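The values are calculated or read from the model by the stated rules, or taken from the named source; none is laboratory data. All values reported here derive from a predicted model rather than from experimental measurement. Positions of Cβ are generated from backbone atoms using ideal geometry, with glycine treated the same way; all protein chains shown enter the neighbour counts. These area figures cover heavy atoms from the full protein model, side chains too; ligands, DNA and RNA do not enter into them. Shrake-Rupley method; radii C 1.70, N 1.55, O 1.52, S 1.80 Å.
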Amino acid sequence: MQNATETFPGCLVLSTSKVYVLRIIGKEGEDPQRWLFEECSWTIDRLRRILQIPFKQGVLVELEQSNKTHDELNSTITFLCVLQDLQRTLNFLLYVTDILLLPICEKTELTVPEYYTSSMHHLLKNCKSYQDGDTVRQLALFSSGLLRYEDVEVQLKLSSLIITTSVLAICNMQWLLPGNKELPYIKREQAMSNLIGVEHCRSSLTLNFLDELIGQEETWVLNFVSVNAVEVVITSIRSPWEELFSVPLQDTVCKSQDIPIIAGRHFGYSKRDQHIWVKNFKLCSGKLQSPISLSSFKSVALPLPALEVIGYHDFLPNPLYLKNSGHSVVINVNNHLRKELPYIFGGSLDANQEYEIDHLHFHWGAKNNRGSEHILNGIRYPMEMHIVHRNKIYSNLSNASNYKNGLVVLGIFFQLQEEDNESLHSIVSDLMCVQGINRAIKLSSPITLASLLPKNIDIFYTYKGSLTTPPCNEVVTWIIFPTPVPISFTQLNKFRSLSNGKDMLADNFRKLQNIGLRKTYVRRLNPLLIAKYNGTIFNAENLDWFWH
């Protein structure tokens, strides 16, 4: 209402005889008295006018209200009905003008009053990033919000978001009420050029900003009334942002509260994109993150048990699909025939723990001097393959990702050579069929995991880490083989021919993470080392994974 600071969810009910304002006080049900409360009501003859607020975010309903003393002049009361949704507003205006109110109220105004427009332009001139000739693309009202910046969290109630070609500004909303003495003011502003990420989950919109000049990150979480209201805001942002950066705006859509483990939500590998991983995926800021730089000198050498690979020489079960996920090339292994899949045990893994193959994927560079995620003795290889295994005690990858002993990933480096590696033919020959993002094809030839492993798997490095893709769960025992697998220049270029939807799919590796207090071990079996441990194989259950 005009002089009220309180807002509430409610209903505006118009009949042929009365106008009702109802407050929603509970969950909708069959009995209206249990979830609706009548705030006030008037006879229909007191309805004076209905105005739309800018960009069809709702309507103003003005009614004549008698004072307590009949001798005094009548005053008006104005309700701001925030619909936050263009289509809902249009439907309401269509109804009241064409069906219900035309004979009663002749002042239904479908144009935006001039004082709204002039107030917004006057307000925006005070913005730091405002440019002459800047046009207002959208005014969007949202129910509530949360702003995060400089280790501060600010809760917002009903407010307005103004979008121009160069500025995004959050303002108060009381100024939308005619006659209200509160002037419009800016609560928070950001330059369009600082916007680095857009995500929406149902009717909630998250905007991520990075001011590179001062190194400050900021996040706005704005809650609207409908998905359509969010989409209108994103559409208003998209055009000026894409004109500014000359690349498509990536809008991440969260379809559920469950976060997929591999390539389920949008993320990028550029320096700018990786900088905001921790904003969208909190686990990515943990202390056990991967990848890391491995060093023979800094790793503790132990006569660990051999890593046993079972079923690696058997063909993987058909059908086997190769897919371009937009982040990598993935081969998912499905057990349709309910046969035993290849699995591993031993090495640095706990006794009586077996890990079954789930999928494999690749990371590679746009140039030959980069591509692998891990670095070994200062060398970054041009490609690295990850064979992801799930602990058999857990039903699926998503479930296993919640437990510290959930996953084991084998890391395999690739080294360039002139001749083709025939063992890679089954994969490389089908890459041309999945050049587009989300394209998949059934592999034309069967493959075995053994054909993808290096010749020597007796020596390996191992440490405790995480997934190298969001959400970065710290549930991985890494086993990295130092002996690389050969790949030809021609074969590697086939990987570089793939698209991520907007550019060449390459340089899809995460930056190195701080090793912290973690230990890395390397399995070696030289006589001096075995003698040091009294001629016995070291029990992996006695491993201490951290320096003290």
Of the residues in the stretch 303-355, how many are surrounded by 17 or more Cβ atoms within 10 Å (Cβ to Cβ), under 31 Å from the mean Cα position of the chain (by Cα) and more than 30 Å from D273 (Cα to Cα)? 2
Before we move on, is I196 outside the structural domain of D503 (by the TED database) and open to solvent by 40 Å² or more (accessible area, probe 1.4 Å)? no
Determine the pairs where a residue that is outside the structural domain of P305 (by the TED database), located within the stretch 442-460, has a partner that is open to solvent by 40 Å² or more (accessible area, probe 1.4 Å) and of a type in the set (D, E, K, R) with Cβ atoms under 7 Å apart, the partner being 6 or more residues away or on another chain. T448/D314
Condition check for P184: at pLDDT 75 or above and over 25 Å from P248 (Cβ atoms): yes
If you scan the stretch 464-473, which residues turn out to be buried (at least 24 other Cβ atoms within 10 Å of the Cβ) and part of a strand (DSSP E or B)? G465
Filtering the stretch 194-245 down to residues that are at pLDDT below 85 and hydroxyl-bearing (S, T, Y) yields S203, S204, S226
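Conditions tested, residue by residue: (1) polar (S, T, N, Q); (2) at positive phi.
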position: T164; (1), (2): yes, no
position: E189; (1), (2): no, no
position: S204; (1), (2): yes, no
position: I214; (1), (2): no, no
position: W220; (1), (2): no, no
position: S246; (1), (2): yes, yes
position: T252; (1), (2): yes, no
Hey, among the residues in the stretch 199-211 that are charged (D, E, K, R) and touching a residue at least 24 places away in the same chain (Cβ under 8 Å), which one's least open to solvent (accessible area, probe 1.4 Å)? E199
Hey, can you tell me all the residues within the stretch 465-493 that are more than 29 Å from the chain's Cα centre (by Cα) and under 24 Å from K323 (Cβ atoms)? V485, I487, S488, T490, Q491, L492, N493
Look at the stretch 224-242 and say how many of its residues are crowded, with 17+ Cβ neighbours inside 10 Å and either within 19 Å of C81 (Cα to Cα) or touching a residue at least 60 places away in the same chain (Cβ under 8 Å) (or both). 9
Could you check how many residues of the stretch 510-532 are in a loop (DSSP other than H, G, I, E, B) and open to solvent by 60 Å² or more (accessible area, probe 1.4 Å)? 7
So in the stretch 381-404, with the set limited to residues that are within 25 Å of the chain's Cα centre (by Cα) and open to solvent by less than 10 Å² (accessible area, probe 1.4 Å), which one is nearest to F345 (Cα to Cα)? H389
Does any residue in the stretch 31-49 that is within 11 Å of Y20 (Cβ to Cβ) come within less than 6 Å, Cβ to Cβ, of a residue that is of a type in the set (F, W, Y) and assigned to a strand (DSSP E or B) six or more places away or on a different chain, and which pairs are these? S41/Y20
Residue count for the stretch 292-341, restricted to those that are part of a loop (DSSP other than H, G, I, E, B) and either within 30 Å of I530 (Cβ to Cβ) or in contact with a Gly (Cβ under 6 Å, 6 or more places away or on another chain) (or both): 14
Go through the residues of the stretch 344-354 one by one and say whether even a single one is free of Cβ contacts under 8 Å to residues at least 60 places away in the same chain, part of a loop (DSSP other than H, G, I, E, B) and under 19 Å from S293 (Cα atoms). no
